[in-house]
Amino acid sequence: MRTLGISAFYHDSAAALLQDGRIIAAAQEERFTRRKHDPGFPTHAVRYCLDEAGVRLEDLDAIAFYDKPLLKFERLLETYLAFAPRGFKSFSMAIPIWLREKLFLKDLMLTELAAIGGRKKKEYASKILFSEHHLSHAASAFFPSPFDEAAVLTMDGVGEWATTSVAYGRGNRLAVQREIHFPHSLGLLYSAFTYYTGFKVNSGEYKVMGLAPYGEPKYTKLIYDHLMDLKADGSFRLNLDYFDYCTGLTMTNERFHALFGASPRKAEGRLTQREMDLAASIQAVTEEVVLRLVRSIAATSQSPNLCLAGGVALNCVANGKVLRSGSFENIWIQPAAGDAGGALG
């Protein structure tokens with residue numbers, strides 16, 4: 001049984017090839033194109049995986065994509081309708097791209113695959129499958145882990161609807177048990193501060209984490225009082241009055257800027273103690289949310305094992321706090337926890 005997994009068209013595109021459940025090859029497209037976070041179809045990565053396995057596209061039993069575009073389009077439409085007439089500019093920019101490309105993603109994939117395999121598109125059509133985004137993340141963590149059963153926590157910006165999910169895996173079975181849905185997202189909250197401190201969203205989050213030890217968490221109370229309603233079990237809701245990511249072209253709005261006393265730092269502008277304190281504050285909040293989620297999962301799960309996936313699982317400082325908390329006996333973190341790892345899931 002040979003399966004090719006693909007993540008593409010958003011950021012960190014990648015491909016992975018499995019044979020009888022064993023990983024034969026996996027690669028991120030940016031390694032070949034030298035374009036950081038390359039979002040395009042992973043042509044080079046697919047070819048690499050096929051070469052490593054010594055097979056052709058027609059030898060594959062299935063070609064799996066890491067999320068469901070129609071569900072994601074549903075979320076996009078429902079969000080714009082909920083906030084209308086706000087966000088028309090963003091809507092008018094996004095919809096043509098969806099109608100031209102992403103809504104017909106299967107056909108776009110078939111075109112790319114036909115170019116690689118040298119055959120007609122219809123020969124690959126029956127092999128293409130679509131998985132939900134958070135299920136792909138969870139699978140990429142649980143199945144390669146050394147555990148026969150485990151709880152799986154996935155945290156990222158957003159998939160189709162889910163932004164945080166808890167799954168349980170046993171043997172060759174994996175099921176998502178509960179979710180937090182968009183627009184309430186720990187990943188997007190962290191990205192909002194990434195944007196506000198002058199770094200690039202979906203790229204510069206690690207810089208915020210690295211900046212945090214140089215600051216003091218002076219703004220944590222402000223975050224809890226105005227931006228986030230955090231519950232004891234780690235579930236939360238964001239106050240959307242301070243954010244612009246649902247309908248706008250930026251992560252934060254003027255109300256957010258007024259709350260923290262200044263406009264966002266210009267990219268590549270001088271870093272000050274203020275940015276360091278902001279980084280320390282959002283890092284402290286992130287760690288507290290993750291710790292509460294993990295304790296809640298441990299209290300309701302019979303498993304001593306935990307797997308972590310999704311972009312927030314790349315926050316190694318938070319992971320260290322989880323490990324030292326002792327909530328679980330064993331922890332396994334997907335090394336490619338972001339969207340590239342979705343190809344493997």
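The values are calculated or read from the model by the stated rules, or taken from the named source; none is laboratory data. None of these values were measured; they are calculated from a predicted model. So basically every Cβ, Gly included, is an ideal-geometry build from the backbone, and we count neighbours across all protein chains shown. Ligands, DNA and RNA are excluded from the accessible area calculation, which covers all protein heavy atoms including side chains. Shrake-Rupley method; radii C 1.70, N 1.55, O 1.52, S 1.80 Å.
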If I go through segment 302-345 residue by residue, how many of them are acidic (Asp, Glu) and within 19 Å of residue 27 (Cα to Cα)?
1
Conditions (1) surrounded by 15 or more Cβ atoms within 10 Å (Cβ to Cβ); (2) part of a loop (DSSP other than H, G, I, E, B); number of the one not met by residue 212:
(2)
Identify, by number, the condition in (1) modelled with pLDDT of 95 or more; (2) among the hydrophobic types (A, V, I, L, M, F, W, C); (3) at positive phi that residue 50 doesn't meet.
(3)
Counting only residues that are open to solvent by 30 Å² or more (accessible area, probe 1.4 Å), assigned to a loop (DSSP other than H, G, I, E, B) and in contact with a Lys or Arg (Cβ under 9 Å, 6 or more places away or on another chain), segment 219-241 contains a total of 4
Return a yes/no flag: does segment 36-44 have any residue that is modelled with pLDDT under 95, loosely packed, with under 13 Cβ neighbours inside 10 Å and within 20 Å of the chain's Cα centre (by Cα).
yes
Among the residues of segment 143-174, write down those that are touching a Lys or Arg at 6+ places or on another chain (Cβ under 6 Å) and over 17 Å from residue 293 (Cβ atoms).
149, 160, 161
Residues located in segment 185-211, provided they are closer than 27 Å to residue 74 by Cα and under 14 Å from the mean Cα position of the chain (by Cα):
185, 186, 187, 188, 189, 190, 191, 201, 202, 203
Among the candidates 282, 297, which residue alone is in contact with a Phe, Trp or Tyr (Cβ under 7 Å, 6 or more places away or on another chain), surrounded by 22 or more Cβ atoms within 10 Å (Cβ to Cβ) and hydrophobic (A, V, I, L, M, F, W, C)?
282
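Let's see how each residue does on (1) of a type in the set (S, T, N, Q); (2) open to solvent by 10 Å² or more (accessible area, probe 1.4 Å); (3) modelled with pLDDT under 95:
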| site | (1), (2), (3) |
| --- | --- |
| 194 | yes, no, no |
| 200 | no, yes, yes |
| 216 | no, yes, no |
| 258 | no, yes, no |
| 266 | no, yes, yes |
| 269 | no, yes, yes |
| 273 | yes, yes, no |
| 276 | no, yes, no |
Looking at segment 51-69 only, could you name the residues that are free of Cβ contacts under 8 Å to residues at least 60 places away in the same chain and assigned to a helix (DSSP H, G or I)?
51, 52, 53, 59
Find the helices (runs of 4 or more DSSP H) located wholly in segment 242-341 whose residues include 3 or more that are touching a residue at least 12 places away in the same chain (Cβ under 8 Å) and within 18 Å of the chain's Cα centre (by Cα), and list them.
273-300, 316-325
Members of segment 18-35 found to be buried (at least 19 other Cβ atoms within 10 Å of the Cβ) and over 29 Å from residue 201 (Cα atoms), listed by number:
18
Here are the criteria: (1) within 29 Å of residue 36 (Cβ to Cβ); (2) touching a helix residue (DSSP H, G or I) at 6+ places or on another chain (Cβ under 9 Å). Tell me which single one residue 174 does not satisfy.
(1)
